[in-house]
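The block underneath contains the structure these notes are about, expressed in structure tokens.
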Amino acid sequence: MTAKKILMVVCDGVSDRPVKQFEGKTPLQVARKPAMDAVARNGVSGTMDVIAPGVIPGSDTAHLALFGYDPYRVYTGRGPIEAAGAEIPLVEGDVAFRCNFATSDDHMRITDRRAGRIRSGTAELATALSGMKVEDVEVIFKEASEHRAVLVLRGPGLDHRVTEVDPHREGEILKARAESPDAEKTARILNAFVEKSYDILSKHPVNKRREKEGLPPANIILPRGAGSLGELEPLPQRFGMKCAAVAGVTLVKGICRMVGMDVPDVEGATGALDTDYTAKAEAAIGLLEENDLVFINVKAPDIAGHDGDFQGKVLAIENIDMMLGRILESIHEEAVVVLTADHSTPVTVKDHSADPVPVAVSGADSRVDGVRAFDEISAASGAIGRIRGMDLLPIVLGMANRSSKFGA
Ligand code: ZN
Ligand code: ZN
């Protein structure tokens, strides 16, 4: 048995519900998508509860499940994923937070949660905070896109079980509280850091300049989404595979890095509707030569779903299909191809929903069921049946001759 390569394509949020105005069809049922349908026609299909039946997946927890991890065990909060996205390597005991640069008045009341969506100067502001010590804890702080940033607390006796500082609206800033006795020190350090951030940032030249220009100063940091490194054995160690990913969105890139994938920056892969599909296809083809598993995430269908834009979603699907067609042409059935979504983002809901997603898997010698098209309804009659997200990778590894024997 020769082990086969694996190509996993996740169409973010592509899964949908029937829409009355479009003859009661879903965007997947309306789109012209010969490559996707070929994967369904030449292999096996099914539906998948990505986390569990009735649970609405976030993109972060969903991807962990798609990579074969139990999200309830490895996901402690969004912070560590943001840290991975910002390329801050975490060590055991660290607590990571996602943060906003925000605007506060002199009474610690938030007047703008995003500091006017500040776009420049955040690197200088971050430098002013990073490296400081609060008690015996080191502060690592790095700017991310626009008003976003990442905070990592590093030192003895920390615990991620603290409540948020961010009030999520204008008004009084919240005091972090410990949700477990073990987290009391972390709550104290976090509150002290937020106060210090105001002392330092309100005097910073970048903010003096902003005030002069009539812009809201980015004079305080609002941390949220505390998390620490879960016990997560990276994919290369776990399955002896070299893995790489093509993704545009920072969050997805962060998860891919966290599970041990190589995530090169692909020019033009933006994570927006105008992402460069040809560039993504070429990048994936190149990576398939060097890697055992190549993962692609395309965010566009999720964006169209959140916008309630049926036609936009159809177009995104047809673009992904072109990308997939280009890749399939070049790999000549030598890989096992997996096609699925991380969750449903129905255009009628404009948000994620708990509806199961379709999945199709094909390879040169895979079984073939009666499913002829890749969509939510057709997939439900396929040979895979209804599975959970965590079960997908083991099924695919089996089809790619990469599973190990249990027993004699
Ligand atoms: Zn998603
Ligand atoms: Zn979404």
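The values are calculated or read from the model by the stated rules, or taken from the named source; none is laboratory data. Since the structure is predicted, the reported quantities are computational estimates derived from the model, not experimental observations. Neighbour counts are summed over all protein chains in view; Cβ atoms, including those assigned to glycine, are modelled from backbone coordinates with ideal geometry. Quick note on the areas: whole protein, heavy atoms, side chains included, nothing else; ligands and nucleic acids left out. Shrake-Rupley method; radii C 1.70, N 1.55, O 1.52, S 1.80 Å.
Points to keep in mind about this one:
- Considering the conditions (1) surrounded by 16 or more Cβ atoms within 10 Å (Cβ to Cβ); (2) within 16 Å of ligand 1 (Cβ to nearest atom), R326 is excluded by exactly one of them, (2).
- With a requirement of 3 or more residues that are more than 15 Å from the chain's Cα centre (by Cα) and in the same structural domain as P71 (by TED's automatic domain parsing), the helices (runs of 4 or more DSSP H) lying completely within the stretch 228-313 that satisfy it span 235-239, 277-290, 300-306.
- Subset of the stretch 286-303 (residues that are in contact (Cβ under 8 Å) with a residue 40 or more places away in the chain, under 14 Å from I6 (Cα atoms) and open to solvent by 30 Å² or more (accessible area, probe 1.4 Å)): E290, D292
- The listed residue being in contact with a His (Cβ under 7 Å, 6 or more places away or on another chain), open to solvent by less than 40 Å² (accessible area, probe 1.4 Å), over 14 Å from L229 (Cα atoms) and not small (G, A, S), out of I110, I118: I118
- Count of residues meeting criterion [of a type outside the set (G, A, S), more than 26 Å from I173 (Cβ to Cβ), within 16 Å of ligand 1 (Cβ to nearest atom) and part of a helix (DSSP H, G or I)] in the stretch 59-74: 5
- The residues on offer are V298, V368, and the sole one that is out of contact with any Leu (no Cβ under 9 Å at 6 or more places or on another chain), of a type in the set (A, V, I, L, M, F, W, C) and within 16 Å of ligand 2 (Cβ to nearest atom) is V298.
- Residue ID - nearest to ligand 2 (Cβ to nearest atom), chosen from residues in the stretch 329-348 that are open to solvent by 10 Å² or more (accessible area, probe 1.4 Å), farther than 24 Å from P394 by Cβ and not hydroxyl-bearing (S, T, Y): V347
- Scanning the stretch 257-282 for residues that are buried (at least 19 other Cβ atoms within 10 Å of the Cβ) and under 18 Å from A300 (Cα atoms) yields V266, A269, G271, T275, Y277, K280, A281.
- Residues satisfying the stated conditions in the stretch 348-403, i.e. within 16 Å of ligand 1 (Cβ to nearest atom), of a type in the set (A, V, I, L, M, F, W, C) and under 19 Å from the mean Cα position of the chain (by Cα): A354, V357, V359, L392
- Sole residue being farther than 24 Å from R113 by Cβ, crowded, with 17+ Cβ neighbours inside 10 Å and not β-branched (V, I, T), chosen from A245, A226, A218, A187: A245
- Hits in the stretch 304-318 - residues which are open to solvent by 10 Å² or more (accessible area, probe 1.4 Å), in contact with a Lys or Arg (Cβ under 9 Å, 6 or more places away or on another chain) and either within 16 Å of ligand 2 (Cβ to nearest atom) or under 22 Å from D60 (Cα atoms) (or both): H306, D307, G308
- Test set (1) assigned to a loop (DSSP other than H, G, I, E, B); (2) crowded, with 21+ Cβ neighbours inside 10 Å; (3) more than 16 Å from ligand 2 (Cβ to nearest atom) - D321 fails condition number: (1)
- Filtering the stretch 230-245 to residues that are out of contact with any Cys (no Cβ under 9 Å at 6 or more places or on another chain) and either within 16 Å of ligand 1 (Cβ to nearest atom) or among the polar types (S, T, N, Q) (or both) leaves only Q237.
- Test: D105 is without any contact (Cβ under 8 Å) to a residue 24 or more places away in the chain and farther than 30 Å from M261 by Cα: yes
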